[in-house]
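Only the coordinates and a few stated rules stand behind these numbers; no lab work does. None of these values were measured; they are calculated from a predicted model. Here the Cβ positions follow ideal geometry from the backbone for every residue, glycine too, while neighbour counts run over all protein chains shown.
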There are 2 protein chains.
Amino acid sequence: MTTVTSLFQPVDQDLHLLIDNLTKLVGAQHPILGAAAEHLFSAGGKRIRPAIVLLVSRATMEKEDITSRHRRLAEITEMIHTASLVHDDVVDDAELRRQVPTVNSLFGNRIAVLAGDFLFAQSSWYLANLDNLQVVKLLSEVIRDFAEGEIQQGLSCFDTDVSLEKYLQKSYFKTASLIANSAKAAAVLSDSSAETAEKIYSYGKNLGLAFQIVDDILDFTSPTEVLGKPAGSDLASGNLTAPVIFAMEENPSLKMFIEREFSEEGDLEQALKLVYDSQGIEKSRAMASHHSKLALQELDCLSPSPSTQALIELTDYLLSRIK
Amino acid sequence: MTTVTSLFQPVDQDLHLLIDNLTKLVGAQHPILGAAAEHLFSAGGKRIRPAIVLLVSRATMEKEDITSRHRRLAEITEMIHTASLVHDDVVDDAELRRQVPTVNSLFGNRIAVLAGDFLFAQSSWYLANLDNLQVVKLLSEVIRDFAEGEIQQGLSCFDTDVSLEKYLQKSYFKTASLIANSAKAAAVLSDSSAETAEKIYSYGKNLGLAFQIVDDILDFTSPTEVLGKPAGSDLASGNLTAPVIFAMEENPSLKMFIEREFSEEGDLEQALKLVYDSQGIEKSRAMASHHSKLALQELDCLSPSPSTQALIELTDYLLSRIK
């Protein structure tokens with residue numbers, strides 16, 4: 001079976017450098033943040049975001065010959081992503097992420113807010129020093145979208161009026177915007193044509209949406225050991241994702257349990273059963289597959305290369321996770 | 001007696017517009033942030049930072065004719081300042097600021113982290129859209145300096161080895177960097193010469209340092225009713241400012257009380273007495289006056305105008321607060 005690590009083989013060395021660099025950039029200056037940084041960057045994320053930036057960088061450069069600015073962009077992308085996770089965990093009062101204790105649970109909210117601010121600040125600074133105004137605009141859009149997505153998520157908690165459209169918008173803000181805009185920024189740094197940059201943006205956007213939908217499906221279908229939390233915990237916390245939205249369309253009685261916020265004995269179990277008994281998960285799979293195909297179509301702008309091939313296979317890999 | 005409001009008369013109208021705009025920009029989009037925004041921007045700050053940006057803008061433009069980009073820069077400056085206050089209050093677990101309850105005490109840490117992130121994100125976005133890479137760099141430096149200053153403050157708590165040099169560095173990061181870099185950015189937007197921009201930066205830096213020193217003196221000399229907290233509360237919380245650093249030089253026995261973090265009955269009272277009995281406050285006044293004079297010297301680069309006059313008088317006004 002393909003693993004995501006094997007897909008990233010063309011950028012393997014750069015990804016190793018990136019982790020070392022990030023830990024140094026953040027940790028070395030401030031012992032107080034050192035432990036937090038070590039914890040953050042070693043906590044075994046899949047580095048999908050910087051990997052996509054590096055793969056797009058190679059795929060859009062002659063002889064796949066990338067520059068130090070492409071590498072810096074990949075670092076900035078991971079910094080922004082990590083900063084947003086740290087603040088997300090403060091906002092959600094989360095204790096675990098990827099089965100590892102969060103920064104706020106280990107070091108307290110104080111350090112977690114500071115660590116997130118420091119990472120955002122570092123990323124803005126490195127970004128400005130890439131000396132490309134278009135790239136600055138693309139990534140500042142991402143930071144704004146994150147805040148927007150987090151607020152929308154807060155507002156739509158337990159709101160059974162949430163539409164698929166709103167769900168996709170929120171998923172764009174929280175997940176796809178970073179992938180789309182950072183991938184486009186990589187193409188911009190390669191001096192790609194405006195048309196290619198736009199197609200890369202659309203690749204990233206659709207890949208990001210598929211990515212979020214797959215994650216939301218896995219929250220229902222993965223065993224507790226893999227999730228590090230009980231299945232259906234998105235639903236339990238009022239975060240209504242694609243499988244639930246489809247299930248509510250099919251069986252509106254599901255809404256009652258959600259609207260009373262599972263306040264009566266057995267509510268959550270009954271609601272989960274209604275989701276599993278519906279076509280919700282199947283329809284969500286189809287939606288992920290649709291966005292994955294849209295992503296794939298955009299890649300015709302790239303010349304064949306090992307990196308282009310990896311970007312292609314990434315769309316299939318995503319779907320294989322929910323088969 | 002001169003009031004700061006009378007000094008800002010040349011930019012009075014622009015400052016009124018600014019508050020309206022900021023409340024609209026933040027509040028209108030998100031009811032959940034509306035109350036927080038209303039609270040933040042109406043909470044009667046003196047708007048010193050945007051006023052300086054607007055005054056420098058007028059003083060560096062022919063016929064004091066400023067552009068919408070200058071006004072936007074003033075808004076961005078106030079947004080960044082406000083965002084940093086909101087996160088500061090979360091980090092310090094503060095209940096009151098300017099005698100008004102903080103966002104975290106009114107709405108909880110969750111909304112406070114989000115509100116700060118949203119303001120930082122908005123400011124990055126507006127900044128990028130000023131379309132001037134030099135301005136982006138200047139303000140991204142500020143955001144980085146804030147995070148740095150907040151961390152240094154955390155690290156140097158109750159540390160009696162703190163030097164005047166370190167104190168000034170921290171004051172630069174936390175206060176002077178924003179004033180210096182935003183004032184310089186205003187000159188850059190006016191197409192001032194590099195030399196003028198540098199002098200304006202130095203004006204802002206020295207004014208900002210004087211400003212911080214004056215604030216730190218007032219923490220010892222103002223009545224509780226004015227401070228909204230007991231005099232000497234910086235010292236009580238381990239934040240060792242200029243008056244304490246001078247007093248420790250004069251009378252090293254002060255260090256003992258600080259090093260044991262005022263853990264014994266009467267420690268804080270004795271430590272405060274040692275500060276009041278020393279030349280610490282007087283020497284701090286002299287230091288504030290020194291930086292205020294340095295600031296004044298830089299203004300010879302500006303042609304005479306009501307705005308230039310206001311910038312000059314601002315340096316005197318500052319010192320009048322501690323007479």
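The stretch between A:Ser163 and A:Asn251 holds 30.2 nm of extra length on full extension. This uses 0.36 nm per residue minus the Cα-Cα distance. For the stretch A:183-315, the relative contact order works out to 31 percent when only alpha carbon pairs closer than 8 Å and six or more residues apart are counted.
Distances between equivalent label points of A:Gln297 across the copies, with each point positioned 7 Å along Cα→Cβ, amount to 6.7 nm, shortest listed first. A cut-off under 14 angstrom between Cβ atoms defines the neighbours of B:Leu207, and their net charge, with Lys, Arg +1 and Asp, Glu -1, is +3. Counting from the shortest, the label point at A:Gln9, 7 Å from Cα toward Cβ, is 7.7 nm from the same position in each remaining copy.
Based on Cα contacts under 8 Å between residues 6+ apart, chain A shows a relative contact order of 19 percent. Taking every DSSP helix (H) stretch of at least 4 residues in the protein assembly as shown, weighting each as -39,500 (n - 2.57) and dividing the sum by the residue count yields a mean residue ellipticity at 222 nm of -23500 deg cm²/dmol. When the Cα convex hull of the stretch A:145-193 is projected onto planes of every orientation, the mean area is 3.9 nm².
The tail of the calculated P(r) for the protein assembly as shown beyond 49 Å holds 19 percent of all Cα-Cα pairs. Taking the Cβ-Cβ separation of B:Ser193 and A:Arg260 as r and a Förster radius of 60 Å, what is the calculated FRET efficiency to the nearest 0.05? That pair, B:Ser193 with A:Arg260, gives E of 0.35. Counted over all Cα-Cα pairs of the stretch B:4-321, pairs farther apart than 35 Å make up 21 percent. Each 10 Å bin from 0 upward holds the following percent of the Cα-Cα pairs of the stretch A:32-181: 11, 36, 35, 16, 2, 0.
Under 5 Å from the amide H of B:Leu96 lie the amide H atoms of B:Thr102, each residue being 5 or more positions distant or on a separate chain, with H modelled from the backbone and absent for Pro and chain starts.
Taking a Cβ cut-off of under 9 Å around A:Gln152, the surrounding Lys, Arg, Asp and Glu residues balance to a net charge of +1, with basic ones at +1 and acidic ones at -1. Across the identical copies, the 7 Å label point of B:Leu164, projected outward along Cα→Cβ, sits 7.0 nm from its counterparts, in ascending order.
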